């Protein structure tokens, strides 16, 4: 459990943008965003609701061995499944649809825990008034994985073994191209699992 550094400057409006993947203007995404915000006490409450919806109600594709492979936020919502990356696309879309700045973050994790091979893991950062950027991980909990929304303390799905793994510090407006290529280039969750996206660290 780590405290993510607080940034006092407000984010640029690009973190509210819609694009082909974070397609929050899609009618189904907008409708779900409104439902999740209905009756909320404040934006913190909206963030919690959106996070818990994606974490708990959208199935992690590999955990459930559930096709199809999804990438666009609207497809993740429609099919109710996605890899961690796709789930982070939906969470960003739901937050942006509620006028809450949100970005995409990545960790580089050891697939076996002790070194190569490596894979990216996708999660989110959200701008919280009074806190700054705060990371949340909607991949879905299971035994050994317990991601929570507990600002200002972050509780992500995976702790980093600094000897072999890394937290990538960037907060991206759009998904990394390598992630999109994998999610759109393979037809089944098994094929994605055999070709997980990765980047070389400099």
### Message
Cβ neighbours within 10 Å, averaged per peptide: list 121-127, 23-29 in order, most packed at the top.
### Response
121-127, 23-29
### Summary
Simple spin-label estimate for residue 181/residue 99, 7 Å along Cα→Cβ, in nm, reads 3.9 nm
### Summary
Comparing 54, 182, 111 in a Gaussian network model of the chain (Cα, 10 Å), the one with the largest mean-square fluctuation is 111
### Query
Using a basic spin-label model with each label point 7 Å from the Cα along Cα→Cβ, how many nm lie between residue 14 and residue 129?
2.5 nm
### Query
Which length gain, in nm to one decimal place, applies between residue 195 and residue 141 when the Cα-Cα distance is subtracted from 0.36 nm times their residue separation?
17.2 nm
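Helix-derived [θ] at 222 nm for the chain: sum -39500 (n - 2.57) over DSSP H runs of at least 4, divide by residue count, nearest 500?
Rounded to the nearest 500, it is -9000 deg cm²/dmol.
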### Message
Below 8 Å, C-alpha to C-alpha, sequence gap of six or more: please give me the relative contact order for the stretch 89-130 in percent.
### Response
38 percent
### Summary
Note on the stretch 63-125: alpha-carbon gyration tensor, axes a ≥ b ≥ c; rule is a/c under 1.5 for rounded, else prolate if a/b larger than b/c, else oblate; result oblate
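Taking the DSSP beta bridges in the chain as the whole, what percent of them are antiparallel, to the nearest 5? Write out the running numbers ahead of the final one.
Values: 24 of 26 bridges.
Taking every DSSP beta bridge within the chain, about 90 percent pair in antiparallel fashion.
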### Query
Which one of 117, 68, 152 has the biggest mean-square fluctuation once the chain is modelled by GNM with Cα springs under 10 Å?
117
### Translational D in µm²/s for the stretch 79-186 (Stokes-Einstein at 37 °C, 0.692 mPa s, Kirkwood Rh from C-alpha pairs)
226 µm²/s
### Task
Treating the Cα atoms of the chain as identical point scatterers in vacuum, please give the log10 of the normalised Debye intensity I(q)/I(0) at q = 0.12, 0.14 Å⁻¹, two decimals.
-0.54, -0.75
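Read the figures in this text as sums done on the coordinates, not as results from a lab. Just so you know, these numbers come straight off a predicted model, no measurement behind them. Glycine gets a Cβ as well: all are built from the backbone with ideal geometry, and neighbour counts include every protein chain shown.
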